[in-house]
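Enquirer: If you scroll down you'll find the structure; I have some questions about it.
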Amino acid sequence: MSYVILGRAVKTEYLAIGTILGAVGLGMLSAGGKKETAAPAKTIEQVKETVKFTAGSSEEEEFIKKFVADAEKEEAKH
């Protein structure tokens, strides 16, 4: 069997092959391209430099310092 496309007879076998090749080609095009790498994890020192803590009281300041020290200890374990 054949179909008439733009005034020409095209066999169904060729239409099937064209459909399969087109689908594979589109899949390859969508899978290709530039791959982005994951951003490196920030260290505690980098975070300390970029984020400045301001405490409203001395108690709050001590809490923040203790929290940061505990986080550094936890990071050192890993």
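The values are calculated or read from the model by the stated rules, or taken from the named source; none is laboratory data. In this text, all values refer to a predicted model and were calculated from it rather than measured experimentally. Here the Cβ is made from the backbone with ideal geometry for all residues, glycine too, and neighbour counts use every protein chain on show. To get the accessible areas, we keep the full protein, side chains included, count just its heavy atoms, and leave off ligands, DNA and RNA. Shrake-Rupley method; radii C 1.70, N 1.55, O 1.52, S 1.80 Å.
Enquirer: As a check on your grasp of the helix formula, calculate [θ] at 222 nm for the chain: sum -39500 (n - 2.57) over DSSP H runs of n ≥ 4, divide by the residue count, round to the nearest 500. If you can, show how the numbers build up before the last one.
Expert: Working: 3 runs with 47 residues, N = 78.
About -20000 deg cm²/dmol.
Enquirer: Give the ranking of Lys11, Lys42 by solvent-accessible surface, highest area first, calculated with a 1.4 Å probe.
Expert: Putting Lys11, Lys42 in descending order of accessible area: Lys42, Lys11.
Enquirer: Still on this model: Suppose all protein chains stay in the model; what accessible area per residue would a 1.4 Å probe give for the chain, in Å²?
Expert: Per-residue value: 96 Å².
Enquirer: Given Cβ point charges of +1 (Lys, Arg) and -1 (Asp, Glu) and nothing else, what value in debye, to the nearest 20, does the dipole of the chain about its Cα centre take?
Expert: 820
Enquirer: Using the charge dipole of region 5-47 (Lys, Arg: +1 at Cβ; Asp, Glu: -1 at Cβ; taken about the Cα centre), state which of Ile5, Pro40, Leu15 has its Cα farthest towards the positive end.
Expert: The Cα lying farthest towards the positive end belongs to Ile5.
Enquirer: Something else about it: Under a point spin-label approximation (7 Å from Cα along Cα-to-Cβ), what is the Ile20-Val51 distance to one decimal in nm?
Expert: Going by the 7 Å Cα→Cβ label model, 5.6 nm.
Enquirer: Let me know the number of lysine pairs in the chain closer than 21 Å at the Cα, not counting same-chain pairs under 8 apart.
Expert: Value for the chain: 15.
Enquirer: I would also like to ask the following. Order 68-74, 25-31 from most to least packed using the mean count of other Cβ atoms within 10 Å.
Expert: Top of the packing list down: 68-74, 25-31.
Enquirer: Of Leu29, Ser57, Phe67, which is farthest towards the positive pole of the chain's charge dipole, taken about the Cα centre with +1 and -1 on the beta-carbons of Lys, Arg and Asp, Glu respectively?
Expert: Sorting the options by dipole projection puts first Leu29.
Enquirer: Here is a further query. Could you state the angle between the C-alpha long axis of helix 12-31 and the longest principal axis of the C-alpha atoms of the chain, as a value from 0 to 90 degrees rounded to the nearest 10?
Expert: 20
Enquirer: Round to the nearest 10 and report in Å² the accessible area of Val47, as given by a 1.4 Å probe over the protein chains' heavy atoms.
Expert: Ignoring ligands and nucleic acids, Val47 comes out at about 60 Å².
Enquirer: What's the carbon and sulfur percent of the chain's accessible surface, probe 1.4 angstrom, rounded to a whole number?
Expert: Of all accessible area on the chain, carbon and sulfur atoms account for 62 percent.
Enquirer: Now a separate question. Using DSSP to define loop residues, name the chymotrypsin sites (Phe, Trp or Tyr not before Pro) in the chain whose beta-carbon has at most 13 other beta-carbon atoms within 10 Å.
Expert: Sites meeting the loop and neighbour criteria: Phe53.
Enquirer: Tell me the accessible surface of Thr50 in square angstrom (1.4 angstrom probe, heavy atoms of protein chains only), to the nearest ten.
Expert: 100
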